[in-house]
Amino acid sequence: MSFKDILQTAFQNLKRHKSRTILTSLGVAIGCVSILILVSIGIGMEENTKKMMAGMGSLNHISVYSYGYSPNGTPASALNDETVAMIEQIDHVKAVTPVGSLDNYSVAASAKDGIYVTDWTSILGLNESYLKNSGIKVLEGTADLPASTSNRIPVLLGERMAYSFRDTRRPEGKNRVDYYGDSMNMYYGVNGAVMIDENGSEISSYEPPDPYFDPLTTEITLEVSNYDSSGNETKVRFQLVPMGIVKEDYELGYQTGEGIVMRNEDLKTITNQINREAGKPAQKTAYTNIKVDVDSVENVEAVQDAIKETINDESVEAYSQMDSVKSVEEMYRNTQLVLAGLGSISLLIAAIGITNTMVMSLTERKREIGIMKSLGCKTGDIQLIFLCEAGSIGLIGGIAGVLISILISMGINYFVWDKMGNFWDFLVWMYTPGNATSVLSWWLIVFGLVFSIGIGLLAGFLPARKSVKVSALEAMRYQ
């Protein structure tokens, strides 16, 4: 028999028992749906988690931390300018900057000849090349800082820095401008503060009140104080010239929200001067944190390994969001395996149903098998007919299962959709990574079909083997 004849015979046999074929295929479809839907929900959970993590920080950023400190509490020299230079030479590194600060000093600021003051502020120091190449977002002004002079230092202000000043002419409790207005209409999300109206709906375009002064046209006096072991205070002042206002970036530093951003070389000028005023010798600059931007997400892991190998210090750790992503992937991979295992129970029951159907078919068709053998039909062809029948049941059930799964998946996603827009908008939303609760990827659909066919063939293998062992004479006498 040709393969075409074998297929025709198999389908004719299935058509003779339509009810049995449909019911057995339905069992396969239910098993296929169980696997596809459970695994698709696991994939959806993974993509939603990855999207949330990406919103908390760029995946191509690496933070290098040093946990070593000297006896006086200052950072040990594991991370310094020489370390930065070595990291810059690593392949696929786009930008590098040590993170400078004045955390060991008391820092205050004033404007308009001391009319507006803030008793505390924080400074973030970044390399000039990093300011240009990292894609830092500027809301107003520019991030291109001109050269500093002996008495003027160009800086960038955090998004809300101007609102930290109080008016010394006003009474306490009425001497500040609240950036958020009524704090009851605010909550913090993964991307920062979010304003909501009285109905609890998010305000997409919030306009804060004006601060006491225009931060881009007003110079700020920075006052840095240091105390020695005897309690003696050394105080120096610097004039800051704001050139731009940056958008808040939690990953870069909270100073982008409420502090001041300047070049590291200007930060060193400040620390050197205050050390001179205090009579201290010049100190080698050490850092607790270095930020590294990689050219693409695919190269992050390789760059992390190269950084650890280059520095070769147990007190130094290189971390990126990709570390968390890998942990999440591993966790959800195990979850998907568990869900697939649960769904496979239904498909296993369906396989038993296929085996039962084929055994019944073998019993009913013993005389037919005997006639085929007496006419010279090969035992391999008879076995192949039974395998084709079992595989066809798996295929029919798999196709039905895939179609039902697609409908159920769309129903689940439509239920969690915000119902804003037409059906096309819903499809765009559903196929945007990180939105859907149930994600039926193409490989999962192919897996469902192949697995269903495989289960059918596996379940039909035993009856097919038994069919070739039927004696032709015995089968001819079977009624």
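The values are calculated or read from the model by the stated rules, or taken from the named source; none is laboratory data. Model, not experiment: these values are computed from the prediction. SASA here: full protein model, heavy atoms, side chains in, ligands and nucleic acids out. Shrake-Rupley method; radii C 1.70, N 1.55, O 1.52, S 1.80 Å.
The aspartates and glutamates within cross-link reach of K280, meaning a Cα-to-Cα straight distance under 20 Å and a gap of 8 or more places when in the same chain, are D103, E223, D228, E233, E265, D266. Sorting E258, E248, E389, E172 by accessible area puts them as E172, E258, E248, E389; the probe is 1.4 Å, largest comes first, and only protein heavy atoms count.
In the structure shown, do any of K137/K308; K268/K291; K51/K308; K51/K94; K235/K291 have a Cα-Cα gap over 21 Å, and if so which? Please report the intermediate quantities before stating the final value.
Numbers: K137/K308 30 Å; K268/K291 18 Å; K51/K308 28 Å; K51/K94 23 Å; K235/K291 30 Å.
Long pairs (Cα-Cα over 21 Å): K137/K308; K51/K308; K51/K94; K235/K291.
For segment 437-447, the Karplus equation 6.51 cos²θ - 1.76 cosθ + 1.60, evaluated at θ = phi - 60°, returns couplings of 7, 10, 10, 9, 6, 4, 5, 6, 5, 4, 4 Hz by residue, with Gly and Pro reported as x. In this structure W443 has an accessible area near 120 Å², from a 1.4 Å probe over the protein heavy atoms. In order along segment 118-130, phi translates into HN-Hα couplings of 9, 6, 8, 8, 10, 10, 10, x, 10, 5, 4, 5, 5 Hz, rounded to whole numbers, per the Karplus curve 6.51 cos²θ - 1.76 cosθ + 1.60 with θ = phi - 60° and x for Gly and Pro. The overall shape of segment 212-282, judged from the alpha-carbon gyration tensor, is prolate: a/c is not under 1.5, and a/b is greater than b/c. The alpha-carbon of K18 sits under 14 angstrom from the alpha-carbons of these aspartates and glutamates, leaving out residues fewer than 8 places away in its chain: E389. Average accessible surface for segment 283-355: 53 Å² per residue, computed with a 1.4 Å probe over protein heavy atoms with every protein chain in place. Applied to segment 307-314, the Karplus parametrisation 6.51 cos²θ - 1.76 cosθ + 1.60 on θ = phi - 60° returns per-residue 3J(HN,Hα) values of 5, 4, 5, 5, 6, 6, 9, 5 Hz, with x for Gly and Pro.
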